[in-house]
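Novice: What follows is a single structure, and I will ask about it in a moment.
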Amino acid sequence: MVYIIIYAINLTLILGLIWPIFGFPFSERVSDIVILLLIYLVTSTALALAISHIFTRRESPIILLLWSSVPILLLAGVSYPREGYAEWLYELGRLLPSSSGIDGFIALASRGATLSDVVPEIATLIILTFAYLLIAHLINIRVSRNLP
């Protein structure tokens with residue numbers, strides 16, 4: 001629930017303040033955007049859960065986040081167009097929730113798409129959620145077996 005509250009505030013600021021200030025085109029389908037972003041939030045949380053089982057020190061995930069944030073943004077196509085890099089990098093980026101989340105958000109918020117138009121992105125996020133949860137479970141089993 002904490003993540004949902006934080007992201008609800010963030011989404012309200014983005015859609016209610018930032019987008020109007022910059023004059024970005026905006027679809028009125030806020031409920032579709034909220035549904036997509038809730039699915040994205042669950043997927044991101046599942047990824048964080050899987051990654052958290054890898055580390056033994058609390059500080060290590062922050063270091064990973066600092067190191068990986070720019071490549072993740074590049075792979076998602078935010079900072080550099082996807083057409084500008086190799087196909088295998090594009091496919092690698094599809095393994096991260098940011099790629100599908102950003103694609104779906106932009107389609108819903110600025111291109112006037114409906115939720116049914118972003119079903120491929122939603123399906124990818126749902127598949128990734130289950131994959132991340134499975135990875136977290138398998139890592140947790142392995143770590144549990146190695147404990148004294």
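None of the figures in this text is laboratory data; all of them are computed from the coordinates on show. Not measured: the values here are computed from a predicted model. Ideal geometry is used to build each Cβ from the backbone, glycine not excepted, and the neighbour counts take in all protein chains shown.
Novice: Helix 119-146: angle to the longest alpha-carbon principal axis of the chain, degrees 0 to 90, nearest 10?
Specialist: 20 degrees
Novice: Moving to a separate point now. Would you calculate the separation in nanometres between label points at Phe24 and Arg82, each defined as 7 Å from the Cα along the Cα-to-beta-carbon direction?
Specialist: 1.8 nm
Novice: Another question, if that's okay. How tilted is helix 30-52 with respect to the longest principal axis of the chain? Cα atoms for both, answer in degrees (0 to 90, nearest 10).
Specialist: With rounding to tens, the tilt is 20 degrees.
Novice: How big is Rg to Rh over segment 17-148, alpha-carbon atoms, Rh as the Kirkwood inverse-mean-distance radius?
Specialist: Ratio value, two decimals: 1.03.
Novice: Please report Rg over Rh for segment 41-86, where both radii come from the alpha carbon positions and Rh follows the Kirkwood definition.
Specialist: When Rh is taken as the Kirkwood radius, the ratio is 1.08.
Novice: Further question on the same structure: On full extension of the chain, what length is gained from Arg58 through Tyr3, given 0.36 nm per residue of separation minus the C-alpha to C-alpha distance?
Specialist: 17.9 nm
Novice: Treating each Cα of segment 8-63 as an identical point scatterer and ignoring solvent, apply the Debye formula and state log10 I(q)/I(0) at q = 0.13 Å⁻¹.
Specialist: -0.52
Novice: Gain in length, Val34 to Ile14, computed as 0.36 nm per residue apart minus the alpha-carbon separation, to one decimal in nm?
Specialist: Working: separation 20, 0.36 × 20 = 7.20 nm, distance 1.23 nm.
Here the answer is 6.0 nm.
Novice: Next question. Are there any GluC sites (Glu not before Pro) in segment 31-118 that are in a DSSP loop and have at most 16 other Cβ atoms within 10 Å? List them by number. Each step should come with its number before you reach the end.
Specialist: Details: sites: Glu59, Glu83, Glu87, Glu91; in loops: Glu59.
Sites meeting the loop and neighbour criteria: Glu59.
Novice: May I ask you to list the chymotrypsin sites (Phe, Trp or Tyr not before Pro) in segment 45-148 that are in a DSSP loop and have at most 13 other Cβ atoms within 10 Å of their Cβ?
Specialist: Listed in order of number, the matching sites are Phe55.
Novice: Quick one: Cα centre-to-centre distance for segment 38-60 and segment 65-98, in angstrom?
Specialist: Centre-to-centre distance over Cα atoms comes out at 18 Å.
Novice: Now a separate question. Consider all pairwise Cα distances in segment 1-40 and report the whole-number % of them above 13 Å.
Specialist: Here the long-distance tail beyond 13 Å is 56 percent of all Cα pairs in segment 1-40.
Novice: With a Förster radius of 35 Å, plug the Cβ-Cβ distance of His137 and Val70 into 1/(1 + (r/R0)^6) and report the FRET value to the nearest 0.05.
Specialist: Working: r = 30 Å, r/R0 = 0.85.
Efficiency, from the Cβ-Cβ distance: 0.75.
Novice: Now a separate question. Specify which residue in the list Ala107, Pro97, Ile139 is farthest towards the positive end of the charge dipole of segment 49-148, using unit charges on the beta carbon of Lys, Arg (+1) and Asp, Glu (-1), about the Cα centre.
Specialist: Farthest along the dipole direction, towards plus: Ile139.
Novice: Which longest run of the chain has no exposed loop site in it, a site being trypsin sites (Lys or Arg not before Pro) in a DSSP loop with at most 12 other beta carbons within 10 Å, and the site itself not part of the run?
Specialist: 1-56
Novice: While we're on this one: Can you give the angle from 0 to 90° between the axis of helix 60-76 and the longest principal axis of the chain, with both taken from C-alpha atoms, to the nearest 10?
Specialist: So the helix axis and the longest Cα principal axis differ by about 40 degrees.
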